[in-house]
Structure formats: structure tokens, C-alpha cells
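In what follows, a structure is listed as C-alpha cells, so that the remarks can point back to it.
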């Protein structure tokens, strides 16, 4: 009996200028199957799926849906064919509510905002196992809430072929588990699902087969049941990769920045950070662990001078810099680089070129009315070379780059500014293994150069392997700061949920200070104390 495919792509080719994104790719997905699409950043995964979803048209090749050759010229064509894609970079209207973002794209609704739309969308979300507030405005949502809304939107439209581009990149472990339960139910009902992810453990957990791309070419498709992480990595990169994160030993410097009893409100007015104290020391990476929404975003923005601080102090060289603008902080001797989790929403200007994004850090330094684009282009070329960014040119808009290359542009620009403090939130989120390790190497080099780094992460293995110390947040409070080489994922997990609090041991010490004979010094103070 001939195998029936929900999707077939035959000989697909697509180029952007001199860059060949896809070269003669063949791909099939069966009904009731979850296919993982794996490859390094820039290998052509998203480009291939963008042709399936109608954003790009292939230069050559053919696409078949349920055995019939089709022409997909727009996302509307894809939608009519039952194809829905959840993009890595959100396609939402910020000023609309969750329900309105879904409702206005529904042809059956006719563009009329009915009063019961909130109830309808809310019930639909619950049907698929998601908990979202239909009335909440997108601009008030966390990154994980926006991602959840994108997934609910596609499911609401009833797509039978669903493409998810890095769907778990901004989800907690619990939300990922819920999503996988949804995908398994969809698979059981006959949906064909393609999931792009760099998390190999998720590939092995959720997929039936894995298709691997490298430099725009289809290398192989393997059965997940017979694969392991090392094998998939070697197929993806083309060589053996050592999966070990380095943690160089650097002579400890005195704190560059001390945070004392900091309290910060979120956008709804609730306390996001409540009486938090710690320090950022030169030549040290301080990790921040916590369940999503525990104040990590607000803490990073406040330190960078982008969010008001209700109370507390940020002390540099004995002087409180709370309330100063980023420019005033720079004039005090703190050169701060902030790498936010929302790369294209807050970190970069998506419609601007790599060159112009490099210039955003120094446009006010121009002599006269014109910026130095020649100098900016030279810096862009150097960052492209140093970080191996895949792009047609320095003038390519960053929104046209893959997620990994976008992150490299942002990281390269911030490091070129010569910071002595780096605040970074989820810098390897959505990156492949090779790109992730390149980021770790960059941060370690900055550490060796005496830079103090605050690293907000979600992968506990990475936090333990890369960081010198780890501060754990739970509901905006510090549960303790532990030495990374002396802790475990289990201990961090207990602290993240509030089941273990190491701050109570020494009453009267600043918040965030605790000392344990096994863990060593944790929290405030200039001198290192070993347990």
C-alpha cells in the first residue's frame, strides 16, 4: 500500500542574494506524526517552513498537500490548506487583547467584535489545556504568555498541519509538559506536526522522526527511537562536538555593583522583586535561576536603568546610582550592556540593517548632524567575522536573519561597547548547540577580562556548568545564593519552588545573604568565605 503523506516537499531551493538557504530539499510528514526539524542556526529550517506557510515562495521545487501539488503564495493560501505556523518571533498586535488577536483573523467572525468573544476564546484555550486571560493586552504579557497566545491562535483556526518554530524557547518546564500533552492529543487525532527545536532532549521525547539540515541541505532523516543526543549533534554539525561547558577560574575582584534591599513593581503594580540584595563582582558570572515570572525581567531592566525602582540601592564605588538614566550611569563609570530576552522587541530594531543596529549604541557620539556609517559598517563586518554570522551583507535587516544570528548581532554589538557589567537574560534561548557554546565562550572571555556578568538562565545544567554562583528567586524573593560547583539541580529546584530557603540561617544579614557550612559564602560582602 502506498504511503500517504500530509506534506511532501520535493527539490525545494531558495536563495537570498548569494546565500543559498535551501538546496534541493526533500521532506515528508505523515498524518498523525510529529517530525522534528533539527539543524544549526542558519541551516535553513525556518526558511523551509516559511515556504510551507506562504511567507516565502520557493525558487524551484514542488509542494504536495495530501498528495495534491499546491501553490502557496501567501499565508492565507496556507491557512486554507489547513497549514498553520507558530513563528519564533511573534506576529501579534501589541495594543489588542489576546482574544482580539485571534478573533480578527477568523473569517467566520467577519471582523465583528462580538461580546462573547472572550468566553469563546477562553473556552478554546482551556480545551487545549492552556490558561490565558482573553482580555489581557499583548503589551502587558510576558514573553511566555505571547508564545502561548500564538499557539492557541493557530489551534483555534483548526489547522491540520501545524508547524512550531522553537515553541518551548520561552516556556517553563511545566508549560512545555502541557504543550507536549497537547501535541500528543493532536497527533492522536491525525494532525501532522513539524516542530523546530534545538533542545535535543525535547526532540528525543516528543518526535517520531528527526530530519536534519546542515548549511541548507537535507543530511538525513532518522527514527527517533534509534537516535541519541551525540548522534544527532554529529549529524547536525558535521563533526564530533564535546558537550562540556567551561568555567575558567579567574582571580576574584571586589564587587562592581552592589544591590541592596531592592524592591521593584511589575506593569500591574505588584511587587516583582521584593527586598533583594546581592552583588555583581568583576571576573565572575552570577547566575539567576527561577520559575518564569519570578521577577527576572524586572530585575534586569531595573539594573539597566530601564525600569523605576521603588526602594533600595544600587551602589557603585560607594555611591547610590538608583534613579539615574543609562547615560548618567555610564558617566559614573559603569559601562553597562543589557542583552534582553526579547531580541527583536527590545534588543534590536528589526527593520534596520546590522550596520544601523551597531550604530544604535553610539549615535549620540557623532560629530555633527550625521552618524559615521562607515565606522558602523566596519564594526558590523568585524562582528560578522568574529561570531560567524550568516548574512548576505551588513545591510541586511536583522528581522531576515535566523534567531541564532539575531542573537549574535545583539551580543556582538553589546560587547563591542566595552562593558564592565553585562546583564543578559536567556542569551542562548533558541540557539543550536554550536551557537550556544560560542556564546558561552564569549561570556567566559568577558569574565577573563574582568567583566561582571549577571546571567539569567532557564537550563539548570548550563547554570551549574557556566556560572560561579547562582542566585535563586521565588516570587520575587531570594531563596539563597549558592556556589555552582557545590549545588545540585535538585537543590536549585527546591529553592525555585520555595521549598528550601537558605536565607533564614543568619537573621539580621541583608536579604539574599546566607551561609551554609557545605555551600560556603552566599550573598553580600566583599570577601570570599569558604565553607
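Every read-out reported here was derived from the displayed coordinates using simple, explicitly stated rules and does not represent laboratory data. These figures come from a predicted structure and were not determined experimentally. Counting neighbours? That spans all protein chains shown, and the Cβs are built from the backbone with ideal geometry, glycine included.
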Task: Distance (nanometres) between label positions extended 7 Å along Cα→Cβ at residue 475 and residue 249 - done: 4.1 nm
Open item on the list: Test of understanding: what is the full-extension gain from residue 234 to residue 19, defined as 0.36 nm times their sequence separation minus their Cα-Cα distance?
Closed with: 75.1 nm
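Take the Cα atoms of segment 7-237, build their convex hull, and give its volume per residue in Å³.
123 Å³
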Open item on the list: Under 8 Å for C-alpha pairs, at least 6 residues apart: give me the relative contact order for segment 7-237, rounded to a whole percent.
Closed with: 29 percent
Open item on the list: How tilted is helix 373-387 with respect to the longest principal axis of the chain? Cα atoms for both, answer in degrees (0 to 90, nearest 10).
Closed with: 80 degrees
TODO: Taking 7 Å along the Cα-to-C-beta vector as the label spot, tell me the residue 489-residue 59 distance in nanometres, rounded to one decimal.
DONE: 4.3 nm
- [ ] Report relative contact order for the chain in percent, whole number only (criteria: Cα-Cα under 8 Å, sequence separation at least 6).
- [x] 15 percent
TODO: Report the full-extension gain for the segment residue 189 to residue 119: residue separation times 0.36 nm, less the Cα-Cα distance, to one decimal in nm.
DONE: 22.7 nm
Open item on the list: Given bins 5 angstrom wide, list per bin the percent of all Cα-Cα distances in segment 275-336, short to long.
Closed with: 3, 15, 27, 27, 20, 7, 1
Open item on the list: Compute the helix-to-body angle for 117-127: its Cα long axis versus the longest principal axis of the chain, expressed 0 to 90° and rounded to tens.
Closed with: 90 degrees
- [ ] Give the angle, between 0 and 90 degrees and rounded to the nearest 10, that separates the Cα long axis of helix 143-156 from the longest principal axis of the Cα atoms of the chain.
- [x] 10 degrees
Task: Two-decimal log10 I(q)/I(0) for segment 237-340, as the Debye equation yields it once each C-alpha is a single scatterer, q = 0.16, 0.23 Å⁻¹ - done: -0.77, -1.35
Open item on the list: Between residue 181 and residue 346, what is the label-point separation in nm under the 7 Å Cα-to-beta-carbon projection?
Closed with: 3.0 nm
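Per residue, what volume in Å³ does the convex hull of the Cα atoms of segment 1-137 enclose?
Details: hull volume 21.9 nm³, N = 137.
Normalising the Cα hull of segment 1-137 by residue number yields 160 Å³.
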- [ ] Just subtract the alpha-carbon distance of residue 449 and residue 221 from 0.36 nm times their residue separation and send over the number in nm, one decimal.
- [x] 77.8 nm
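Could you compute the FRET efficiency for residue 327 and residue 136, with r as their C-beta to C-beta distance and R0 at 45 Å, rounded to 0.05?
On the way: r = 33 Å, r/R0 = 0.74.
The computed FRET efficiency comes out at 0.85.
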Task: Relative packing of peptides 198-208, 450-460 - highest average C-beta neighbours within 10 Å first - done: 450-460, 198-208
